[in-house]
Structure formats: C-alpha cells, structure tokens
Ligand code: BES
Ligand code: MN
Ligand code: ZN
C-alpha cells in the first residue's frame with residue numbers, strides 16, 4: 001500500500017527557524033500538532049502550563065523517539081500537542097523522531113508536525129515510512145491519512161525525504177506481495193512499469209527463449225522447475241555527462257522452496273521475500289531521475305521461482321553459466337548464487353561497468369553472523385566498501401564489512417565441473433563467505449561489492465519506521481551513495 005500523502009505548510013520564518021506560521025491553525029484538522037524539543041531547546045509552542053514544569057513532570061529528556069502528549073483547548077473540544085524529542089539532531093535521531101510522531105497519530109485523519117532543524121529529509125523519511133502498511137485488498141487505514149509538515153525554506157529537503165520514503169515503500173510492496181501473484185513475469189512487468197513512470201530509464205526483458213538463446217544457464221536451471229518461467233530484466237539510467245557506470249544486480253527469486261533440496265516448512269514460509277534484493281535495485285533505479293543522480297546506472301534483475309517439481313534441477317546436475325563456466329549443483333537451495341552469477345557475468349562481458357554492486361537475500365548464515373539488524377557487505381575493493389558503509393551510516397541502515405577469505409576458496413572446487421555451488425564436505429563452513437566467493441568468480445576482477453540482506457530483509461514487528469514484513473533495506477543506502485557525486 002502506498003505511504004500516506006503529505007503536504008508542506010510554509011509561512012513566515014521566525015528567527016528560531018521552525019515555528020507555526022501565521023495564518024495556519026495551530027492544531028491540524030485532527031487536533032494534533034507535533035512540536036520539536038531537545039534537552040537544551042524548549043518547544044516553541046503555547047501550552048496551558050509552563051513548559052519547563054511539564055517536561056519536568058514527565059521527566060522528558062528530549063531523546064529521539066520520546067513523545068510527550070499535552071491536552072490543549074481546541075475550539076470547543078480538546079486537542080493534543082505532541083512534544084517530540086530530537087535527541088542530538090542527527091539524521092538518525094530525526095528519522096526516529098519522525099516515526100515516533102506519526103505512530104502517535106495512528107488512526108487519525110492527519111498529523112501536523114512542525115519540522116525540526118537539521119537534516120529534515122531524514123525526519124520526513126521516518127515519518128512517512130511509519131505510515132506504511134501492507135494488507136491485501138483494502139487498507140486497514142491504520143496510519144494517519146495525511147501528514148502535514150510545517151517549515152520554511154525546506155521544500156527540496158522535504159521532497160527528497162518523500163521520494164526516498166516512497167521508493168522504500170515500493171520495494172516493500174513488491175517483497176510483501178504473495179508469490180501466487182508475484183511470478184517472474186509479474187516482477188518484470190512491475191519493473192517495466194516503474195521504469196516507465198520514472199522516465200529516462202530504458203528497459204529490456206529476456207523471456208525464457210531469449211535466455212536460452214544467449215546462454216543464461218543459471219537462471220534457466222533455477223527456473224526450470226516452475227510453471228512460471230524465469231526472466232532477466234535490465235533497467236538503464238543514463239543521464240547526460242555521466243562518467244561513472246554502476247551496475248546493480250538484484251536477486252529475484254519470487255519463491256524459494258529450496259527446490260529438490262527442499263526447505264523445512266519453518267524456513268520456507270518467508271520465502272516470498274527472496275526477491276528483496278531485486279525489489280531494492282528496481283526501487284533505487286526508479287528514483288534516480290527524480291533525485292537528479294548524475295551517475296550512469298544499469299540494474300539487472302535475475303528473476304526465477306525455485307520450485308519443487310519433476311522438471312526441477314537435481315542435486316548433482318551440472319549447469320553452464322552465462323559465459324561458459326560449468327557449475328555442479330550440489331544443493332538446489334543454493335540457487336541465488338546461480339541466478340546472480342549469470343547476471344554478474346553478463347554485466348562483466350557486455351556492460352563494461354566501473355563497479356558492480358549486487359543485493360541478495362543470499363544466505364541464512366548471515367543472520368547467524370550479524371543478526372536481523374545488520375546487513376553484510378563483501379567487497380573486492382576497499383574504496384567501494386568504504387563508500388557503501390559511509391552511505392549506510394548516513395541512512396541508518398547498519399552495514400558491516402565481511403571478509404572474503406581466500407583460504408576458503410577450495411570449498412567450491414568440484415571434481416566434475418569448474419565450480420561447485422556449495423562445499424561438498426564440512427571443512428570450511430562459513431556459508432556466507434563461500435557464497436560471496438562463488439559470486440566473485442563471475443565479476444571478472446572488476447571492483448565489486450555484494451550485500452547479503454538475508455537477515456535484514458524482513459522485520460517481525462511494526463516499530464519505528466519499520467513495519468512487519470519486508471523492510472526495503474538497501475534502497476536508502478543505494479540512493480544516498482548514487483546521488484553523492
Ligand atoms: N533464500 C535463501 C537464504 C535465506 C535464508 C534468505 C533465510 C532469507 C532468510 C537461500 O537461497 C538459501 O536457501 N541459502 C541456503 C544456502 C545453503 C544451501 C548453502 C541457506 O542459507 O541455507
Ligand atoms: Mn535457497
Ligand atoms: Zn534463496
């Protein structure tokens with residue numbers, strides 16, 4: 001479901017920055033007005049009691065995420081002023097504050113929020129993402145129907161926050177959609193639609209015949225067990241004057257049963273989100289034009305359903321990846337790397353990228369290593385790793401660099417093919433690292449980074465700017481990174 005719409009109310013700026021502008025009713029239509037405060041700055045609003053006494057009474061410290069509700073007269077009735085803490089005023093604090101304000105206004109027709117000082121886009125992002133819900137058919141309309149921001153001279157910042165939040169919610173929608181609807185062809189159609197709506201993004205879709213003709217053996221092998229055939233999608237954003245070419249690759253497994261190496265039911269039930277990486281790259285590319293990115297970006301979406309059937313590939317089958325390398329498929333549940341390898345090899349051979357970044361819900365092992373709140377980045381290039389971790393720090397998407405341990409490479413040796421898709425024995429372990437090493441084989445030695453988002457792709461609770469289900473992890477950090485230069 002889309003996030004709530006917003007409006008920006010502007011007015012005469014006070015010497016203190018944000019203030020309720022003259023001529024605007026102090027409370028919003030639903031009788032709610034949110035006003036920022038911090039430990040060393042009192043809220044700029046008239047209240048029925050002295051503000052120091054109120055804050056002392058509630059032991060309010062102005063921390064990000066803190067909200068103090070104060071009943072106030074509103075015409076003949078009662079309204080509420082929400083005093084919200086902005087913490088240290090950093091982007092992370094404001095994102096949290098925005099989400100907290102909107103969550104207090106849930107169920108109301110609107111929330112009006114006086115914008116804080118500082119990185120306003122982050123506040124807007126947090127506020128709008130907190131309005132996100134996903135429900136098939138109709139909305140529960142749990143979130144406030146409308147968010148009104150009040151501030152001056154911040155149009156561009158507010159617009160940026162809203163564009164980013166919308167892109168994240170689009171990625172969440174794709175990942176939350178059930179796999180009964182979300183076939184590879186459906187995903188290709190959504191990507192095409194999104195690219196067309198963005199403008200300036202060219203689209204090419206390979207169907208199964210074209211995939212066969214051009215030798216995309218990994219995508220075909222993974223998709224061969226499904227009645228819904230696989231697709232490869234290429235989205236190209238080429239602004240004038242761009243010098244750097246970035247290729248993004250997204251894992252688009254629309255459902256992962258594990259194939260004949262079948263998953264247990266507990267592990268299988270979340271596998272409609274196994275295309276979260278694809279959702280992330282589609283959403284990111286869709287927002288580049290609006291955000292004025294100056295870098296050339298090509299996104300590849302490798303989409304297939306990893307089904308369990310009589311036509312599915314078997315453990316021990318040998319497949320030929322794009323470009324000719326052979327892989328012994330020892331476990332059909334290690335399918336993500338097979339579709340990703342085709343796309344990476346194609347990018348290396350045909351697109352001449354300066355850097356490649358892939359995003360994939362690749363291994364359950366990564367959440368053993370880093371849990372559900374921290375994503376992993378593996379990189380063959382230190383500068384690229386640093387750029388991505390810096391972007392992630394800005395956007396508050398926690399990201400930790402993991403090592404590509406050379407000594408573990410023998411794990412992927414096969415006696416019958418160039419490579420095996422998993423370690424046959426149990427000498428090396430390190431499932432996330434060996435998966436990354438497998439992908440690296442197909443990058444042609446180019447600067448490359450791999451984001452393993454299997455742990456962070458899904459949230460178990462409605463909390464802050466996250467909602468239960470898909471998180472849209474990676475959209476914000478990619479957009480931050482791609483709009484830097
Ligand atoms: N899609 C899964 C990884 C995954 C697990 C994503 C949990 C989200 C939550 C991937 O295709 C997979 O099945 N990986 C296997 C690899 C193994 C067979 C080497 C895994 O992690 O168990
Ligand atoms: Mn799998
Ligand atoms: Zn998978």
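Based only on other Cβ atoms within 10 Å, what is the fewest-to-most ordering of 269, 263? Don't skip to the end; give the middle numbers.
On the way: 269 9, 263 17.
With the sparsest Cβ surroundings first, the list reads 269, 263.
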How tilted is helix 184-198 with respect to the longest principal axis of the chain? Cα atoms for both, answer in degrees (0 to 90, nearest 10). 50 degrees
Using packing as a proxy for protection, rank 174-182, 476-484, 341-349 so that the peptide with the highest average count of other Cβ atoms within 10 Å comes first. 341-349, 476-484, 174-182
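Shape of the stretch 307-386 from its Cα gyration tensor (a ≥ b ≥ c, root eigenvalues): rounded if a/c is under 1.5, otherwise prolate when a/b > b/c, or oblate?
Working: a/c = 2.78, a/b = 1.22, b/c = 2.28.
Since a/c reaches 1.5 but b/c is at least a/b, the shape of the stretch 307-386 is classed as oblate.
Report, for the stretch 350-485, the % of DSSP beta bridges that are antiparallel, rounded to 5. It would help to have the intermediate numbers written out before the result.
Working: 7 of 15 bridges.
Antiparallel bridges: around 45 percent, rounded to the nearest 5.
For a test of the definition: using alpha carbon positions, the gyration tensor, and the 1.5 limit on a/c, classify the stretch 429-485 as rounded, prolate or oblate. Can you show the working numbers first?
Numbers: a/c = 4.40, a/b = 1.42, b/c = 3.09.
Because a/c hits 1.5 or more and a/b fails to exceed b/c, the stretch 429-485 counts as oblate.
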Please state the relative contact order of the chain as a whole percent: Cα pairs under 8 Å, 6+ residues apart? 15 percent
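Dividing the alpha-carbon radius of gyration of the stretch 355-400 by 2.2 N^0.38 Å (N being the number of residues), what value is obtained? Can you show the working numbers first?
Working: Rg = 10.8 Å, N = 46, 2.2 N^0.38 = 9.4 Å.
Taking the Cα Rg and dividing by 2.2 N^0.38 Å, one obtains 1.15.
Considering only the stretch 6-153, what is the antiparallel percent among its DSSP beta bridges, to the nearest 5? Don't skip to the end; give the middle numbers.
Working: 10 of 27 bridges.
Close to 35 percent.
How high is the relative contact order of the stretch 256-367, in percent, counting Cα pairs under 8 Å that sit 6 or more residues apart?
Numbers: 121 pairs, mean separation 38.8, N = 112.
Computed value for the stretch 256-367: 35 percent relative contact order.
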Rounded to the nearest Å, the spacing of the alpha-carbon centers of the stretch 368-421 and the stretch 309-346 is 20 Å
For the stretch 167-484, just the Cα set please: Rg and Dmax, both in angstrom. 17.6, 51
May I ask for the equivalent-ellipsoid semi-axes of the stretch 6-153, computed as the square root of five times each C-alpha gyration tensor eigenvalue and listed largest first in whole Å? 22, 18, 16
quick note, the chain, DSSP beta bridge pairs, % antiparallel (nearest 5) is 45 percent
Given that compact globular proteins tend to follow 2.2 N^0.38 Å, what is the ratio of the alpha-carbon Rg of the stretch 133-236 to that value? 1.43
Rounded to the nearest 10, the angle in degrees between the Cα long axis of helix 431-440 and the longest principal axis of the Cα atoms of the chain comes to 70 degrees
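The numbers here are math on the coordinates, done by the rules we state, and not lab data. Source: prediction; values computed, not measured. As a convention, Cβ positions derive from the backbone with ideal geometry for all residues, glycine included, and neighbour counts pool all protein chains shown.
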